[in-house]
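The values are calculated or read from the model by the stated rules, or taken from the named source; none is laboratory data. Source: prediction; values computed, not measured. Cβ placement follows ideal geometry from the backbone for every residue including glycine, while neighbour counts extend to all protein chains displayed. These accessible areas exclude ligands, DNA and RNA; they are computed on the full protein's heavy atoms, side chains included. Shrake-Rupley method; radii C 1.70, N 1.55, O 1.52, S 1.80 Å.
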Amino acid sequence: MVAGINLVALRAVCVKRRSKLILGPVSLDLKGSGLTIVLGPNGAGKTTFLKVLHGIERISSGSVQWSMAERSVRRTQSYVFQRPVMLRRTVRQNLAYPMKLLGQQASKIDEHVIYWANQIGLTEMLNSPATRLSGGEKQKLALGRALIRKPKILFLDEPCANLDGRSTREIETLLLSANSSGTRIIMATHDLGQSRRLATDVVFLLNGQVHEQGPAEDILCSPQTSEAKAFLKGEIVE
Amino acid sequence: MNEIWAGIVEAFRLIITLDRDLFEITLRSLQVSMSALVIACIFALPFGTWLAIRRFRFRRLTIATLNALMGLPPVVVGLIVYLLLSRSGPFGVLGLLFTPTAMIIAQVIIITPLIASLTHQAMRELWAEYHDLLISLNTTSRQRILTLIWDGRRALLTGALAGFGRAIGEVGAIMIVGGNIDHATRVLTTAIALETGKGDFALALGLGFVLIALALLVNFAIHTLSRTEQEGTW
Amino acid sequence: MIRLIAIVVSLFATTALAEKMKLAVTTSFHNSGLSDLLLPVILEDTGLEVQLLIVGTGQALRLGEAGDVDAILVHSEAAEEVFVENGYAPYRREIMYNDFVVVGPQTDPADIASADTAVDALTRIAIIKAPFVSRGDASGTHKKELFLWTSTKLDPKLFGTWYNAVGAGMGASLNTASGLGAYILTDRASWLNFANKGELDLLFEGDPILFNQYAYLPIDSKRHPHVNIQAQRLLESWLTSKRAETLINGYTVDGTNVFVFNAFR
Ligand SMILES: Nc1ncnc2c1ncn2[C@@H]1O[C@H](COP(=O)(O)OP(=O)(O)O)[C@@H](O)[C@H]1O
Ligand SMILES: [Mg+2]
């Protein structure tokens, strides 16, 4: 994917639930490389926005246009949910699951599972039930399971909420390394510090509306809208 | 009270002396009900799971029908299967009436709705949990159903055992389609009905205790197997 | 353990070669215990494995009409004649008879023990409205009972709660009668073999009107080509043989003879 070329274009996208507008209208373009942070307080519509991009949230009007062929959109994307979904299986089987779906060879699956277990630091726990892991371990497992598919695009929905500093840094390291080896990352967070550490560009959401979008240093240092200013100063809590 | 005691004594006598007829009918009971269970599960598990993951127009109606079919009186099922398999019925040429196969067919019809309904209930919960991930991973319907069945197998086991219990304790339908023929289609429940009819309560009750013991044994065996397969609960 | 394996193996090994036929018989015939005596001998003498379907006369006739059995052995002459007339069986062959008896509570409140005839006995029961259990299942026994009521000029449809039509087999009906302390009409063999007699006793017997003729009806192969004609003939000739006569006449329960062989040869 060439930097500068549009990856995806949203035009007047609206999501309504029970006749309430929870997102939109949103019109924006995302570029083909970098690490986009979707920033905003709780209830801003970040999750909805990510799911719309991933194509698992029904839109009420507007359009989402990916630059790649329709068929390969979902296949080349991975998504780590706000509350990670743990299959009721062992860590090993959780990691292997996406590859099994693709019908890959057992030996190749084993090799990748070992590699990724090591990357996310869960080698010791390969045979434990995934549902018994701690919150941080679950997030790391979900991330490993997302990356094992070698996605072109990786969505993350507040992967570090409720995690301690160490787990947060471990996850951030993994993300930066994936990003530098070519994975496009789009990640929701309400954590300003994390945004500063990771973002190449930022989409600022509030009440279902995109108030600002642009390179990270522009928005995080010199926001234009009053809403973004207020949020950066810590005045918008909820 | 005396009669119950006599029944217990009779049950022990039958087992200790390795009564040949008892073994024969017990084995046949197991064979018929196990076959019915396996066949019913082949239909009911995927269907119940499919109902849990699929939204379609007549979904509610289908579920309501399924729940109603759970209460189907076995005698009615037996009568319908009899009329279908009778020499004068549409499938008479197959000559299946009064064979264990006919009994299996009747039991499959009786327990499939039960297992499908229990499967549906168990799978709804698991699907709510897995929904986002499985959609995101772009799984096919087949993959979704297989994943849910595999990961929900503990709950499904309970449903299957409920089906087995209903099958092995059933008498109305298999009496009609099996005919309770000695050395051919006689099973524990029909033998119990026969002995009760003769007024031989001790023998009937003895067979009844053997039936209960058998059901317990199968339950324990399956639970032990599923426990050793993997430690801990999810 | 070895014994267990031997049993399991023998279960699958036996009777694989024997010729088989299905015979619908009445519950009362089976409950008499005679079939347990005859079937092994038939298998030994003729190599024929007779599979019994133990049902009420009504259901036996239905199974015959549908062609689901090869022959029937029942005791309800009028119904049998209709069966033959309608072409389900080419003929009926009388084999043997037993008799009906009236049993009831030992105290015998209707005093049927001193009745002269069966009709008189039933009339006495109806007069004092003593509890009575009827098979109520269109079986041969039930038909016989209804026939007797007709002779009393009373209509069971108008009877009160003392008349219990249970709609069940002989054994189940006897169980009910035993529980209620009620009168009931039963065939002698079922009564002698019945294990749950409780307070019941045999109170009336011997009236010729109570004789109970069993007949063998092979199902017509013109109507149902799949029936086993060979087996039908084999069984019929055995049932009417000298050997059958000896066994049937010699069969006793509690020292009492229950069947009288009367087939023409
Ligand atoms: N299915 C739904 N029905 C109704 N309202 C919803 C639904 N899903 C989300 N919302 C509402 O939409 C708004 C945005 O939600 P969400 O995208 O989860 O925000 P965020 O992820 O930024 O916290 C919230 O006010 C939430 O209550
Ligand atoms: Mg959210």
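The table below gives the values:
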{"read-out": "Residue satisfying condition, being modelled with pLDDT under 95 and closer than 30 Å to C:D70 by Cα, within set B:L61, B:L97", "value": "B:L97"}
{"read-out": "Filter pass, A:S78 being open to solvent by 30 Å² or more (accessible area, probe 1.4 Å), away from ligand 1 (no atom under 16 Å from the Cβ) and polar (S, T, N, Q)", "value": "no"}
{"read-out": "Test: residue in the range A:156-163 that is of a type in the set (S, T, N, Q) and at pLDDT 90 or above", "value": "no"}
{"read-out": "The range B:182-204 residues that are at the interface with chain C (Cβ under 7 Å from one of its Cβ atoms), paired with ones that are of a type in the set (D, E) and open to solvent by 30 Å² or more (accessible area, probe 1.4 Å) (beta carbon under 8 Å, 6 or more apart)", "value": "B:F201/B:E3"}
{"read-out": "Within the range A:22-42, considering residues that are within 14 Å of ligand 2 (Cβ to nearest atom) and open to solvent by 10 Å² or more (accessible area, probe 1.4 Å), the one farthest from A:I186 (Cα to Cα)", "value": "A:I22"}
{"read-out": "Filtered residues of the range A:52-75 (kept if within 16 Å of ligand 1 (Cβ to nearest atom) and within 14 Å of another protein chain (Cβ to nearest Cβ))", "value": "A:V52, A:L53, A:H54, A:G55, A:I56, A:E57, A:R58"}
{"read-out": "3 or more residues surrounded by fewer than 18 Cβ atoms within 10 Å (Cβ to Cβ): qualifying helices (runs of 4 or more DSSP H) within the range B:128-234", "value": "B:141-151, B:153-168, B:201-229"}
{"read-out": "Filtered residue count, the range B:51-78, keeping only those that are in contact with a helix residue (DSSP H, G or I) (Cβ under 6 Å, 6 or more places away or on another chain) and either open to solvent by 60 Å² or more (accessible area, probe 1.4 Å) or among the hydrophobic types (A, V, I, L, M, F, W, C) (or both)", "value": "9"}
{"read-out": "Test: residue in the range A:225-234 that is in contact with a Leu (Cβ under 6 Å, 6 or more places away or on another chain), in the same structural domain as A:V26 (by TED's automatic domain parsing) and surrounded by 13 or more Cβ atoms within 10 Å (Cβ to Cβ)", "value": "yes"}
{"read-out": "Hits in the range A:28-51 - residues which are within 14 Å of chain B (Cβ to nearest Cβ), near ligand 1 (Cβ under 7 Å from one of its atoms) and either farther than 21 Å from A:E172 by Cα or part of a loop (DSSP other than H, G, I, E, B) (or both)", "value": "A:T48"}
{"read-out": "Contacts under 7 angstrom Cβ, first residue in the range A:43-72 being open to solvent by 40 Å² or more (accessible area, probe 1.4 Å), partner basic (K, R) and away from ligand 2 (no atom under 16 Å from the Cβ), 6 or more apart", "value": "A:G55/A:R74; A:S60/A:K16; A:G62/A:R11; A:S63/A:R11"}
{"read-out": "The range C:59-87: number of residues that are in a loop (DSSP other than H, G, I, E, B) and surrounded by fewer than 21 Cβ atoms within 10 Å (Cβ to Cβ)", "value": "2"}
{"read-out": "Residue satisfying condition, being small (G, A, S), assigned by TED's automatic domain parsing to the domain that holds C:L174, assigned to a helix (DSSP H, G or I) and touching a residue at least 60 places away in the same chain (Cβ under 8 Å), within set C:A138, C:A126, C:A121, C:A110", "value": "C:A121"}
{"read-out": "Strands (runs of 3 or more DSSP E) wholly inside the range C:178-265 that include at least 2 residues being of a type in the set (S, T, Y) and open to solvent by less than 20 Å² (accessible area, probe 1.4 Å)", "value": "C:183-187, C:211-218"}
{"read-out": "Some residue of the range C:91-98 being among the basic types (K, R), touching a helix residue (DSSP H, G or I) at 6+ places or on another chain (Cβ under 8 Å) and not in a loop (DSSP other than H, G, I, E, B)", "value": "yes"}
{"read-out": "Residues (within 12 Å of A:S33 (Cα to Cα), of a type in the set (V, I, T) and crowded, with 23+ Cβ neighbours inside 10 Å) located in the range A:170-208", "value": "A:I186"}
{"read-out": "Condition met for C:T176 (β-branched (V, I, T) and farther than 30 Å from C:D70 by Cα)", "value": "yes"}
